[in-house]
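K.L.:
Take this structure first; my questions come after.
The values are calculated or read from the model by the stated rules, or taken from the named source; none is laboratory data. Everything quoted here is computed from the prediction, not taken from an experiment. Positions of Cβ are backbone-derived with ideal geometry, glycine not excepted, and every protein chain shown enters the neighbour counts. The protein model used for the area step is the full one, side chains on, heavy atoms only, and it has no ligands, DNA or RNA in it. Shrake-Rupley method; radii C 1.70, N 1.55, O 1.52, S 1.80 Å.
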Amino acid sequence: MSAWVYHRPTTVGEAVRLLGCGGAVPLAGGQTLVPALTRTPGRRVMLVDLGAVTALRDITVNGAEVCIGAMATHTQIATDTLVRQALPSLALLASQIADLQVRNRATIGGSLAYNDPAGDYPAACVGLGATVITDRRRIPAEEFFTGAFSTALADSEVIVSLLFPMSPTLLRSAYARLPDRAARSALIGVMVAETESGFRVAISGLASGPTRWPDAEAALSKRPHPDALRDIACPPGGTDRYRAHLARTLTIRAVRSLTT
Ligand SMILES: Cc1cc2nc3c(=O)[nH]c(=O)nc-3n(C[C@H](O)[C@H](O)[C@H](O)COP(=O)(O)OP(=O)(O)OC[C@H]3O[C@@H](n4cnc5c(N)ncnc54)[C@H](O)[C@@H]3O)c2cc1C
């Protein structure tokens, strides 16, 4: 007999109520959660499938921000006209994740809640200055990721959407990654964003979570050119010299391809 109890609410309110029942976990695309559950047979769990909460898939403009629902899939983000116009770096990132099968199921909310140090979205959210909206509060992306596979989410707290600043706050941005062919994720990923208050550089794959590179941000704010990065110290957290070298190379590559 299966130890899983399955619920499929249609509203955020119903999902939040079910998740408050203790032992319940949200199910998004299931691309990491389901394999994890099958590795621990007999574990009792109540799955609250967010797939029928259609409002969580919406992508809209909210003032000067793009609001992306937590259940938007990578394919949806890669192909959405609004995202492609306002945040082309994010659309490109989404199009490069894994394979079509994963992209068609996996979601941005699941990705952030999982917080794999090799994940692409955490660095993108920090680099672009995003805000995580949950059922009960707003969390700046920088405060959301608390360590490998760990976030600021409380038990039963649900990510509802992400807010990304767009023009005029965000002037231009670019994402560069080196895929790890064996793991099918990114070895290193770098988001570079030029905002009205200067540059932001956020890197995944270097440490237990997304890492800002303050020296690069200061150098680019003085001189927005790839050469500004050649002689500065390596990014923090880069104890692995190969990864630190890659981070610098990919940051240079991202600066070269900055687009509005
Ligand atoms: C073969 C493969 C290759 C991959 N390659 C990459 C890659 O190159 N780059 C990359 O960034 N990612 C990669 N991923 C990860 C993938 O993109 C997703 O991030 C990941 O599968 C989780 O998303 P999901 O929607 O499937 O979430 P699920 O597996 O359903 O859930 C993951 C976790 O998040 C929780 N959760 C889900 N939604 C919410 C919510 N709204 N609020 C609170 N908690 C929630 C769940 O309870 C669970 O703990 C890969 C995955 C696979 C299987």
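K.L.:
Applying the Karplus parametrisation 6.51 cos²θ - 1.76 cosθ + 1.60 with θ = phi - 60° to the phi angles of segment 18-28, what ³J(HN,Hα) value in whole Hz is obtained for each residue in order, glycine and proline being reported as x?
P.N.:
Working through the residues one at a time gives 5, 5, x, 7, x, x, 8, 10, x, 10, 9 Hz.
K.L.:
Same structure again: Give a residue-ordered list of calculated ³J(HN,Hα) values for segment 154-168 (Karplus: 6.51 cos²θ - 1.76 cosθ + 1.60, θ = phi - 60°; whole Hz; x for Gly, Pro).
P.N.:
Coupling constants for segment 154-168: 7, 3, 6, 7, 10, 6, 9, 6, 10, 10, 10, x, 10, 4, x Hz.
K.L.:
So, one more: Take the chain, mark every one of the trypsin sites (Lys or Arg not before Pro) that falls in a DSSP loop and has at most 12 other Cβ within 10 Å, then report the longest stretch left between them, sites excluded.
P.N.:
45-135
K.L.:
For a quick check: with amide H placed at 1.01 Å from N, whose amide H comes under 5 Å from Thr146's, ignoring anything fewer than 5 positions away on the same chain?
P.N.:
For Thr146, whose amide H was placed from the backbone, the distant partners under 5 Å are Thr151, Ala152.
K.L.:
Using only protein heavy atoms and a 1.4 Å probe, report how much of His225 is accessible, in Å² to the nearest 10.
P.N.:
Near enough 80 Å² of accessible area.
K.L.:
Over its Cα atoms, what ratio of radius of gyration to 2.2 N^0.38 Å does the chain give?
P.N.:
Values: Rg = 18.3 Å, N = 260, 2.2 N^0.38 = 18.2 Å.
Relative to the rule-of-thumb radius for its length, the chain sits at 1.01.
K.L.:
Turning to a different aspect of this structure: Using only the alpha-carbon atoms, how far is helix 241-256 inclined from the longest principal axis of the chain? Give it as 0 to 90 degrees, nearest 10.
P.N.:
With both axes taken from Cα atoms, the answer is about 80 degrees.
K.L.:
How high is the relative contact order of segment 21-84? Use alpha-carbon pairs under 8 Å, at least six apart in sequence, and give a whole percent.
P.N.:
27 percent
K.L.:
Ignoring ligands, DNA and RNA, what percent of the 1.4 Å accessible area of the chain is carbon and sulfur?
P.N.:
On the way: 6280 of 11910 Å².
Within the chain, the accessible surface is 53 percent carbon and sulfur.
K.L.:
Rolling a 1.4 Å sphere over the protein heavy atoms, what is the accessible area per residue of segment 134-230, to the nearest Å²? Don't skip to the answer; put the middle values down first.
P.N.:
Details: 4270 Å² over 97 residues.
With all protein chains present, segment 134-230 gives 44 Å² per residue.
K.L.:
For segment 156-222, rounded, prolate or oblate, judged on the Cα gyration tensor with a ≥ b ≥ c (square roots of eigenvalues), a/c < 1.5 rounded, else prolate if a/b > b/c?
P.N.:
It is oblate, given that a/c is not under 1.5 and a/b is not larger than b/c.
K.L.:
Which residues' amide hydrogens lie under 5 Å from the amide hydrogen of Ala186, considering only partners 5 or more residues apart or on another chain, with H built in the peptide plane?
P.N.:
Answer set, sorted by chain and number: Asp180.
K.L.:
Using modelled backbone amide H atoms (1.01 Å from N, in-plane), which distant-in-sequence or interchain residues come within less than 5 Å of Val5's amide H?
P.N.:
Excluding prolines and chain starts, which carry no amide H, the hits are Val45, Met46, Leu47.
K.L.:
Also: Could you tell me which of rounded, prolate or oblate describes segment 110-260, using a ≥ b ≥ c as the square roots of the eigenvalues of the alpha-carbon gyration tensor, with rounded for a/c under 1.5 and, failing that, prolate when a/b is larger than b/c and oblate otherwise?
P.N.:
Here segment 110-260 falls in the oblate category.
K.L.:
Right, next: Whole-Hz Karplus ³J(HN,Hα) for segment 50-67, in order, using 6.51 cos²θ - 1.76 cosθ + 1.60 and θ = phi - 60°, x for Gly and Pro?
P.N.:
Each residue's phi maps through the Karplus curve to give 8, x, 9, 8, 4, 4, 6, 9, 5, 10, 9, 9, 10, x, 9, 10, 9, 9 Hz.
K.L.:
If you don't mind, there's one more thing I want to ask. Classify segment 47-159: rounded, prolate or oblate, from the alpha-carbon gyration tensor (a ≥ b ≥ c, eigenvalue square roots; a/c under 1.5 rounded; otherwise prolate if a/b is larger than b/c)? Let's see the in-between values first.
P.N.:
Details: a/c = 1.24, a/b = 1.22, b/c = 1.02.
Rounded, because the longest to shortest axis ratio a/c is under 1.5.
K.L.:
Still on this model: Express in nm, to one decimal, how much length is gained between Trp4 and Leu171 on full extension, taking 0.36 nm for each residue of separation and deducting their alpha carbon distance.
P.N.:
Working it through step by step, the gained length comes to 55.4 nm.
K.L.:
In percent, how large is the relative contact order of segment 1-119, given Cα pairs closer than 8 Å and 6 or more residues apart?
P.N.:
25 percent
K.L.:
What chymotrypsin sites (Phe, Trp or Tyr not before Pro) in segment 108-164 are in a loop by DSSP, with at most 16 other Cβ atoms within 10 Å of the Cβ? Could you put the intermediate results ahead of the total?
P.N.:
Values: sites: Tyr114, Phe144, Phe145, Phe149; in loops: Phe149.
Counting only loop positions with at most 16 other Cβ atoms within 10 Å, the chymotrypsin sites (Phe, Trp or Tyr not before Pro) in segment 108-164 are Phe149.
K.L.:
If you don't mind, there's one more thing I want to ask. Express in nm, to one decimal, how much length is gained between Val25 and Leu82 on full extension, taking 0.36 nm for each residue of separation and deducting their alpha carbon distance.
P.N.:
Numbers: separation 57, 0.36 × 57 = 20.52 nm, distance 3.09 nm.
Value of the extension gain: 17.4 nm.
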